[in-house]
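The values are calculated or read from the model by the stated rules, or taken from the named source; none is laboratory data. In this text, all values refer to a predicted model and were calculated from it rather than measured experimentally. Neighbour counts run over all protein chains shown; Cβ positions are idealised from the backbone, glycine included. The accessibility values were calculated without ligands, DNA or RNA, using every heavy atom of the protein model including side chains. Shrake-Rupley method; radii C 1.70, N 1.55, O 1.52, S 1.80 Å.
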Amino acid sequence: MAELNCVPPSVEPRVTDHIDQIIEMIQQILRNGYAYVVENGDVYFSVDKYPKYGSLSGRKLDDNRAGERIAVDSRKKNPADFALWKSAKPSEPFWDSPWGPGRPGWHIECSAMSAAHLGYCFDIHGGGVDLIFPHHENEIAQSCAACNDSHIHYWIHNGFVTVAAEKMSKSLGNFFTIREVLESYHPLALRLFLSGTHYRSQLNYSKSQLENASERLFYIYQTLKDCEECLSGHVRQSIVQPIPNDIQDCINRIQNAFASSMSNDLHIAMALDAVSEPLKIMNDIMFTRQGRKKKLRMESLDALEVKIRDILSDLGLLSPSYSEVLLQLKSKALKRAGITEDEVLQTIKERADARAAKNYSESDRIRRKLAVLGIALMDDPSGTTWRPTIPLEEEEHVTS
């Protein structure tokens, strides 16, 4: 997770370290009249005692038909009642409790640990969309039963990751681990790919979309590296003048679009779109004839780079070294292509020989051969260089 620029959690609680808090919460729920104990020591939450049950999912008690998957427990007052404590079964781990040896129910664990570390009121509670009911619904009920002031300000539920329109899961055998993906793709490319779909929507995992994210990341970092080199020796030493109005207007648009997107239920995909315009402007300023003549050129580049860095930093997509990321992206691309850089350079030489001999059909064949592997050739007056790109077949799939 650190490779993906994920900030580590402050606390990673374990259920086995919070048995006392779990038992104490169950006792409080019992004292408040929201639960009951049956003869063998099981403790159940009574959903009939909590009128707001179903407020998160929008389900009504009549919708909660038990018995469709498992037999109805006749000891329950309502088939929808759920376990807070389960009596011990042979060979199962257990802990002593006022109701005899047993273990916590599935839902009470999260409520107790959240209350222990965050209190009964906190800002954000997250999880997959499949946890809305019954897990999070039950969490709300039991937490409010233990403390009437319990409240979560925002529930954040992410959509499923799918592969070929099927949910990614171990049971279907269509899942990939992060480590497996990172063998072929840069961590920031994976993060960019994941950020490209709103968190509540389903995310379709595909090689073509990862290739697309890799190419976009390379473009972003190549632009920043070019800007860094262009500004070398000028930035923050001789630049003291204000930036041109058109550049300031662009920066204002970026900031407003970013703030609006992030305020719109963390719509990171839209926030990322905000960097497209300034990146294009930066390339125009650096490499077009008109851009080189622009007044306050260096000041403009400096201001745009700072703003893009701020956005990338906020989204966890900023690396301290542009060059290092570019080298890593090229290395991953070579690995996916099954070719070495020496072989690429030799192929570039063969193409140069073909062009010198005016054998343009052979030159085009070589360029296409590399393009199919995800290697794009860039010609300029100083020679030919290469960069990663979407493999030609993959590119046709993405655009079709």
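Assorted remarks:
- Eligible aspartates and glutamates near residue 86 by straight Cα distance, threshold 16 Å, same-chain separation 8 or greater: 20, 24, 39, 42, 73, 96, 109
- When peptides 257-270, 135-148 are sorted by average Cβ neighbour count within 10 Å, with the highest value leading, the order is 135-148, 257-270.
- Considering only 308, 152, 281, the Gaussian network model of the chain with Cα springs below 10 Å gives its largest mean-square fluctuation to 152.
- Between 0 and 90 degrees, the angle of helix 245-263 with respect to the longest Cα principal axis of the chain falls at about 20 degrees.
- Of the residues 352, 326, 303, the one whose Cα sits farthest towards the positive end of the charge dipole of the stretch 300-400 is 352 (charges of +1 on Lys and Arg Cβ, -1 on Asp and Glu Cβ, taken about the Cα centre).
- Most fluctuating residue given options 326, 224, 172, as computed from a GNM of the chain linking Cα atoms under 10 Å: 172
- Just checking the listed ones, 215, 183, 12: in the Gaussian network model of the chain with Cα springs under 10 Å, the one fluctuating most is 12.
- Potential extension, residue 75-residue 122 segment - 0.36 nm per residue separation minus Cα distance: 13.4 nm
- Surface calculation, 1.4 Å probe, protein heavy atoms: residue 335 sits at approximately 130 Å² accessible.
- Over the stretch 19-117, relative contact order from alpha-carbon pairs under 8 Å, at least 6 apart, %: 30
- Rounded to the nearest 20 debye, the dipole magnitude of the chain is 720 debye, with +1 charges on Lys and Arg beta carbons, -1 on Asp and Glu beta carbons, and the Cα centre as origin.
- The chain: angle of helix 106-118 to the longest principal axis, Cα-based, in degrees nearest 10: 70
- Exceedance of the 23 Å cut-off in Cα-Cα distance is limited, within the set 167/330; 49/76; 225/332; 280/369; 225/330; 225/307, to 167/330; 280/369.
- Straight-line cross-link reach from residue 358 at under 15 Å between alpha-carbon atoms covers these aspartates and glutamates, not counting any fewer than eight positions away in the same chain: 350.
- Using alpha-carbon coordinates, inclination of helix 137-146 to the longest axis of the chain, degrees: 50
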